[in-house]
Amino acid sequence: MPKNNDPPKNPWGSGNNSPPDLNQVLGQNIDHFKKLLPGGSPSKFFIIFTIFFLGLLVWTTMYTVPSDSVAVVQRFGKHVHDVPPGLHFKFPLGIDSATVVPVKRQLKQEFGFSTPGATDPYQTSRAYDHNRETQMVTGDLNAALVEWVVQYRISDPVKYLFEVREPSETLRYVSESVMREVVDDRTVDEVITVGRQEIESEALTKMQELSTKYAMGISIDQVQLKNINPPKPVQESFNEVNQAQQEKEKLINEARRDYNKVIPLALGEKDQRIREADGYRLKRINEAKGDAARFNALYAEYIKAPEVTERRIYIETMQAVLPKIKSKIIIDEQANNILPLLNLNGKTGENL
């Protein structure tokens with residue numbers, strides 16, 4: 001313990017009881033601060049700060065919009081206008097903000113599978129939803145594993161950004177809901193085989209109606225079914241049934257092919273025979289009518305001049321008959337014997 005008569009100790013650790021010089025302390029602190037500044041002096045620091053500030057202004061003022069996109073400009077959070085592709089300027093330092101929206105690019109969402117290297121977090125399903133979203137119940141209470149793809153575009157960037165929170169995720173929920181509804185209206189055979197096109201068309205229509213109703217700013221381009229399989233425990237049995245159905249369709253198609261090959265040919269031959277018989281009938285009728293008319297005309301001439309008509313008929317008949325006879329023997333009615341005066345079977349006789 002110090003004695004009461006001892007002098008008080010100096011709080012600054014020296015024997016001098018006087019306080020330190022304030023100007024000296026401030027000068028030391030200012031020199032120390034100057035050493036910490038870039039450039040070593042306030043003027044150089046101000047120049048560097050000015051350059052940095054101008055660069056920040058330029059950096060936050062200029063922006064580029066790609067050729068397949070538009071930019072939605074907000075001023076203090078309020079939508080101002082949309083700008084087309086190209087180089088543009090805006091108010092710096094967060095006064096204006098530009099959000100680039102790819103309106104000309106076709107986007108897609110995959111259900112039940114995933115494409116490696118996808119950059120859109122909502123393009124593929126989450127790991128815990130990968131199997132759940134493909135499991136569906138058909139109208140005949142059977143199960144099916146359905147994989148599909150939805151291709152869409154952003155038609156209205158303002159609605160896409162401000163009307164619905166997370167529109168891409170909402171579209172996934174809408175797509176899954178619509179696909180389950182459409183599959184539930186059909187049997188498992190229709191879903192796997194013959195009803196794929198109808199399912200795609202109906203799902204596209206309903207998805208577009210819901211996206212318009214929710215004002216999502218999205219236009220659905222196509223819904224395409226990929227792999228549709230039964231659950232694994234019954235997949236082998238289902239494949240056997242499917243193979244039997246395909247064999248049945250094959251035999252039916254072959255029978256139809258043979259039918260189309262034989263029946264039209266028989267029908268064609270039938271029509272040909274009918275047309276030939278009809279033509280022959282008309283021919284015979286016309287010939288009979290012509291012969292009757294010719295006979296009536298000849299009879300009228302015979303009544304007028306019987307002898308002349310008889311002789312003309314005889315001459316016309318001989319003119320038609322004699323050229324068809326190869327051997328001809330001409331005799332006199334009063335001759336008793338036939339004399340070989342001329343060989344009519346020779347070349348000369350044939351020429352005559």
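Scan 108, 90 and give me the residue that is surrounded by 13 or more Cβ atoms within 10 Å (Cβ to Cβ) and over 25 Å from the mean Cα position of the chain (by Cα). Reasoning before the result, please.
Details: 108 fails: over 25 Å from the mean Cα position of the chain (by Cα).
Of the residues listed, the single one that is surrounded by 13 or more Cβ atoms within 10 Å (Cβ to Cβ) and over 25 Å from the mean Cα position of the chain (by Cα) is 90.
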Please determine whether any residue of segment 262-283 is within 17 Å of residue 176 (Cα to Cα), open to solvent by less than 60 Å² (accessible area, probe 1.4 Å) and at pLDDT 90 or above. no
If you take the residues of segment 228-248 that are modelled with pLDDT under 90 and open to solvent by 90 Å² or more (accessible area, probe 1.4 Å), which of them is nearest to residue 112 (Cα to Cα)? 232
Does residue 227 count as within 20 Å of the chain's Cα centre (by Cα), polar (S, T, N, Q) and within 28 Å of residue 249 (Cα to Cα)? yes
Test: residue 124 is modelled with pLDDT under 90, hydroxyl-bearing (Ser, Thr, Tyr) and in contact with a strand residue (DSSP E or B) (Cβ under 6 Å, 6 or more places away or on another chain): yes
Just to be sure before I move on: is residue 205 at pLDDT 90 or above and either in contact with a strand residue (DSSP E or B) (Cβ under 7 Å, 6 or more places away or on another chain) or closer than 30 Å to residue 78 by Cβ (or both) in the structure I sent? no
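Which residues, counting only those in segment 74-113, are over 11 Å from residue 63 (Cβ atoms), among the aromatic types (Phe, Trp, Tyr) and in contact with a helix residue (DSSP H, G or I) (Cβ under 9 Å, 6 or more places away or on another chain)?
Here is the first cut: in segment 74-113, the residues over 11 Å from residue 63 (Cβ atoms) are 74-82, 84-85, 91, 93-95, 101-113.
If we keep only those that are among the aromatic types (Phe, Trp, Tyr) too, we end up with 76, 91, 111, 113.
Selection gives 91, 111, 113.
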Residue 259 being over 20 Å from residue 140 (Cβ atoms) and surrounded by 14 or more Cβ atoms within 10 Å (Cβ to Cβ): no
Examine segment 286-308 for a residue that is open to solvent by less than 70 Å² (accessible area, probe 1.4 Å) and among the β-branched types (Val, Ile, Thr), and state whether such a residue exists. no
If I ask for residues that are in a strand (DSSP E or B), free of Cβ contacts under 8 Å to residues at least 60 places away in the same chain, closer than 14 Å to residue 162 by Cβ and open to solvent by less than 60 Å² (accessible area, probe 1.4 Å), which ones from segment 70-79 would you list? 73, 74
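One residue is enough: does segment 123-136 have a residue meeting the conditions hydroxyl-bearing (Ser, Thr, Tyr), open to solvent by 80 Å² or more (accessible area, probe 1.4 Å), farther than 25 Å from residue 186 by Cα and not in a loop (DSSP other than H, G, I, E, B)? If you could, list the steps in order and put the result at the bottom.
Going through segment 123-136, the residues hydroxyl-bearing (Ser, Thr, Tyr) turn out to be 124-125, 128, 134.
Now narrow it down to the ones that are open to solvent by 80 Å² or more (accessible area, probe 1.4 Å): 128.
Filter once more, keeping what is farther than 25 Å from residue 186 by Cα: 128.
When the remaining residues are screened for being not in a loop (DSSP other than H, G, I, E, B), the result is 128.
Yes, segment 123-136 has at least one match.
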For residue 177, work out the one condition from (1) under 17 Å from residue 133 (Cβ atoms); (2) surrounded by 15 or more Cβ atoms within 10 Å (Cβ to Cβ); (3) without any contact (Cβ under 8 Å) to a residue 40 or more places away in the chain it doesn't fulfil. (2)
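The values are calculated or read from the model by the stated rules, or taken from the named source; none is laboratory data. Since this is a predicted model, take the numbers as computed values, not measurements. Virtual Cβ from ideal backbone geometry, glycine too; neighbours counted across all protein chains shown. Side chains are part of the model used for accessible areas, which takes the heavy atoms of the whole protein and leaves out ligands, DNA and RNA. Shrake-Rupley method; radii C 1.70, N 1.55, O 1.52, S 1.80 Å.
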